[in-house]
Amino acid sequence: YSSKDLHGIEYIDSYVFNKAEYVRFNSTVGKYVGYTEYGVKNAEVWNRDYLAQELGELERFCKYNADLRYGAVLDKTGEQG
């Protein structure tokens, strides 16, 4: 994200095996995408069964924690301490 209102925040959840990414969830895309044969099969199942849960992570985890960190770190930039 690039502003305090957290409008442009993006949540990415990548799954890697043997240094190769096989599935990724990207909140901007809004679904899981597979990059290997195994990943495509997983993405199909996960989009059907877990998509709503993953979409909630942007609000539940990312925006909540980003707001805390922004307030704790970025707002204090330039303060003498």
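The values are calculated or read from the model by the stated rules, or taken from the named source; none is laboratory data. Here the structure is a predicted model, which means the values were calculated and not measured. Note: areas computed on protein heavy atoms with side chains; ligands, DNA, RNA excluded. Shrake-Rupley method; radii C 1.70, N 1.55, O 1.52, S 1.80 Å.
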Rounded to the nearest whole Å², what accessible area per residue is found for the range 12-76 with the 1.4 Å probe? 71 Å²
Roughly how much of Tyr50 is accessible, in Å² to the nearest 10, using a 1.4 Å probe? 110 Å²
Between Glu57 and Val33, 0.36 nm times their residue separation minus their Cα-Cα distance comes to what? 7.0 nm
